[in-house]
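Visitor: Mind looking over this structure? Questions follow.
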Amino acid sequence: MAKDFIVTPWEVKGEVDYDKLVEQFGTSIISDDLINKIKKHTGKLHYMLRRKIFFSHRDLDILMKEYEQGKKFALYTGRGPSGHTHMGHLIPWIFTKWLQDAFDIPLYFQMTDDEKFLCKPKLTQEETKKFSYENALDLIALGFNPKKTFIIIDTEYSKTLYNIAIQVAKKVTASNAKAVFGFTNETNIGMYFWPAVQAAPCFLPSILSGEKIRTLIPAAIDQDPYWRIARDVAPKLGYPKTAAIHCTFLPALTGPKGKMSTSEGMQSTIFTTDDEKTVRNKIMKYAFSGGKDTLKEHRKHGGNPDIDISYRWLRFLEDNDKKLKKIYDDYKSGKLLSGELKQILVDKLNNFLKKHREKKEKAKKQLDKFILKD
Ligand code: TRP
């Protein structure tokens with residue numbers, strides 16, 4: 001049965017068919033060959049690559065070939081600071097940290113306080129700035145290298161960023177922006193310009209070093225439309241086309257069948273600011289279950305882990321393949337009950353968040369070292 005879904009940088013709705021999306025977006029599936037090539041350099045593969053949570057790319061093959069010839073590359077990713085950080089945001093950052101360590105390369109991280117001010121009618125500049133600093137603590141808490149990680153807060157790095165953005169903007173027409181992002185005549189003019197600002201950090205490593213350095217962007221696949229623009233203009237400005245590696249989305253707790261408009265709702269995800277009790281309540285109450293209606297039926301026929309959100313979240317969070325497989329098998333056979341599966345996720349999240357909160361507290365003192373200034 002064909003299911004409807006929408007993926008744009010501003011909204012993700014329905015159960016996403018990732019094969020179809022790759023076709024629609026014109027990206028490439030990460031081949032086993034390419035995975036093996038990465039493995040040759042990194043040793044053990046990150047579980048998000050093994051499990052194809054990162055599944056699609058643009059020019060990663062070219063980037064790896066250049067790397068083998070001794071060319072450097074840099075990482076670029078970012079965050080729209082419209083609120084507190086949630087688990088979905090952390091997924092690509094966790095993987096980015098692995099890439100930084102595995103290849104020992106710099107990361108440029110963009111906090112788009114300007115974008116969120118422009119696109120969210122209710123948010124003030126003060127609020128998006130405040131969230132930029134708060135969200136930056138979540139990033140730093142993941143253990144990024146302070147010597148090699150550069151956080152760009154757009155409105156505070158504007159001198160450098162603006163000069164790159166206008167170079168990009170000169171090469172992008174309004175009809176191009178309309179076609180890629182679906183802008184209309186009612187869209188504010190800030191938004192028409194804004195994709196040039198998200199493209200700017202793609203070229204920043206080249207500009208700062210005076211060498212041609214390709215960037216690799218690890219991010220959820222909804223950001224890909226921006227990279228189409230950035231890649232179009234790159235050769236016109238004399239920079240290497242940015243490469244990208246895309247991940248799937250951490251599903252909403254309420255499941256794909258959950259009311260679509262609540263996809264951003266408080267009950268559909270876990271924020272890094274949620275305390276232990278809140279985490280437990282949300283998972284127990286809202287995490288969509290693939291279990292059977294009665295205990296007897298569940299024991300007899302088993303549950304369906306593939307649609308069970310607690311299992312699907314553990315696929316994103318539990319790096320131990322054996323442990324994960326046991327959970328899968330036990331749930332499918334009926335040995336593991338829905339409440340027990342949920343409890344495994346609650347414990348996983350609360351263990352992680354406890355340490356995360358402590359590291360976030362320590363990050364406050366480090367913040368200054370990370371923020372890029374001009
Ligand atoms: N537009 C992104 C958001 O709303 C933020 C962002 C800026 C970003 N640059 C990026 C995300 C690079 C991923 C990669 O979340």
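The values are calculated or read from the model by the stated rules, or taken from the named source; none is laboratory data. All of these numbers come straight from a predicted model, not from anything done at the bench. Please note: Cβ atoms are built from the backbone with ideal geometry, for glycine as well, and neighbour counts cover all protein chains shown. Keep in mind that these areas ignore ligands, DNA and RNA; they rest on the heavy atoms of the full protein, side chains included. Shrake-Rupley method; radii C 1.70, N 1.55, O 1.52, S 1.80 Å.
Visitor: Per residue, how much accessible area does the range 5-248 have with a 1.4 Å probe, in Å²?
Guide: On a per-residue basis, 41 Å².
Visitor: Then there's this: Hey, any idea what the orientation-averaged projected area of the convex hull of the chain's Cα atoms comes to, in nm²?
Guide: Numbers: hull surface 76.1 nm².
Across all orientations, the chain yields a mean hull projection of 19.0 nm².
Visitor: Let me ask something else. Are there trypsin sites (Lys or Arg not before Pro) in the range 205-245 that DSSP puts in a loop and that have at most 16 other Cβ atoms within 10 Å, and which ones?
Guide: Lys212
Visitor: Once you have a ≥ b ≥ c as the square roots of the Cα gyration tensor eigenvalues for the range 17-142, tell me rounded if a/c is under 1.5, and otherwise prolate or oblate according to whether a/b is larger than b/c.
Guide: Prolate, since a/c reaches 1.5 and a/b exceeds b/c.
Visitor: Out of the range 307-340, which trypsin sites (Lys or Arg not before Pro) are coil in DSSP terms and have no more than 15 other C-beta atoms within 10 Å?
Guide: Details: sites: Arg312, Arg315, Lys322, Lys323, Lys325, Lys326, Lys332, Lys335; in loops: Lys335.
Of the trypsin sites (Lys or Arg not before Pro), the ones in loops of the range 307-340 whose Cβ has at most 15 other Cβ atoms within 10 Å are Lys335.
Visitor: Distance check, please: which entries in Lys323/Lys369; Lys296/Lys355; Lys116/Lys364; Lys282/Lys325; Lys277/Lys364; Lys322/Lys369 exceed 30 angstrom between their Cα atoms?
Guide: From Lys323/Lys369; Lys296/Lys355; Lys116/Lys364; Lys282/Lys325; Lys277/Lys364; Lys322/Lys369, over 30 Å: Lys323/Lys369; Lys296/Lys355; Lys322/Lys369.
Visitor: With a probe of 1.4 Å, find how much accessible area the range 262-361 has per residue, and write the answer as a whole number in Å². Write down the numbers at each step before the final one.
Guide: Numbers: 5550 Å² over 100 residues.
Ligands and nucleic acids excluded, the figure is 56 Å² per residue.
Visitor: On to the next question. Could you run the Karplus curve 6.51 cos²θ - 1.76 cosθ + 1.60 with θ = phi - 60° over the range 6-12 and give me ³J(HN,Hα) per residue in whole Hz, x for Gly and Pro?
Guide: For the range 6-12, the Karplus-derived couplings read 10, 10, 9, x, 10, 8, 10 Hz, x marking Gly and Pro.
Visitor: Here is a further query. Summing -39500 (n - 2.57) over the DSSP H runs of n ≥ 4 in the chain and dividing by its residue number, what mean residue ellipticity at 222 nm do you reach, to the nearest 500 deg cm²/dmol?
Guide: Rounded to the nearest 500, it is -17000 deg cm²/dmol.
Visitor: Could you work out the relative contact order of the range 74-221, using alpha carbon pairs under 8 angstrom and six or more residues apart, expressed as a whole percent?
Guide: Once divided by the residue count of the range 74-221, the mean separation gives 32 percent.
Visitor: Now for a different question. Could you work out the relative contact order of the chain? I mean the mean sequence separation of Cα pairs under 8 Å and 6+ apart, divided by the number of residues, in percent.
Guide: Normalised by residue count, the contact order of the chain is 20 percent.
Visitor: Round to a whole number: what % of the accessible area of the chain belongs to carbon and sulfur, probe 1.4 Å?
Guide: Values: 9390 of 17930 Å².
Looking at the chain in its full context, I get 52 percent from C and S.
Visitor: Of the DSSP beta bridges with both residues in the chain, give the percent that are antiparallel, rounding to the nearest 5.
Guide: Bridges in the chain that DSSP calls antiparallel: roughly 30 percent.
Visitor: Kindly flag which residue pairs out of Lys122/Lys236; Lys148/Lys354; Lys147/Lys285; Lys130/Lys348; Lys65/Lys120 have an alpha-carbon separation exceeding 31 Å in this structure.
Guide: Table pairs above 31 Å Cα-Cα are Lys122/Lys236; Lys147/Lys285; Lys65/Lys120.
Visitor: Residue by residue through the range 31-43, what is 3J(HN,Hα) from phi via Karplus (6.51 cos²θ - 1.76 cosθ + 1.60, θ = phi - 60°)? Round to whole Hz and write x for glycine and proline.
Guide: Values, residue by residue: 7, 4, 4, 5, 4, 5, 5, 5, 4, 4, 9, 9, x Hz.
Visitor: Across the range 87-99, in residue order, what do the Karplus-derived ³J(HN,Hα) couplings come to in whole Hz, using 6.51 cos²θ - 1.76 cosθ + 1.60 with θ = phi - 60° and x for Gly and Pro?
Guide: Working through the residues one at a time gives 4, x, 5, 5, 4, x, 5, 4, 5, 4, 4, 4, 4 Hz.
Visitor: Now for a separate question. Mind jotting down the distance between the C-alpha centroids of the range 270-331 and the range 5-82, whole Å?
Guide: Between the Cα centres of the range 5-82 and the range 270-331 lies a distance of 26 Å.
Visitor: Another question, if that's okay. Is there a quick way to get the dipole size of the range 5-248? I mean about its Cα centre, with the Cβ of Lys and Arg at +1 and of Asp and Glu at -1; what is the value in debye to the nearest 20?
Guide: Approximately 600 debye in magnitude.
Visitor: Under 5 Å between amide hydrogens, which residues at least 5 positions from Gln110 or on another chain qualify, with H placed 1.01 Å from N in the peptide plane?
Guide: Sorted by chain and number, the residues that satisfy this are Thr77, Gly78, Arg79, Ile152.
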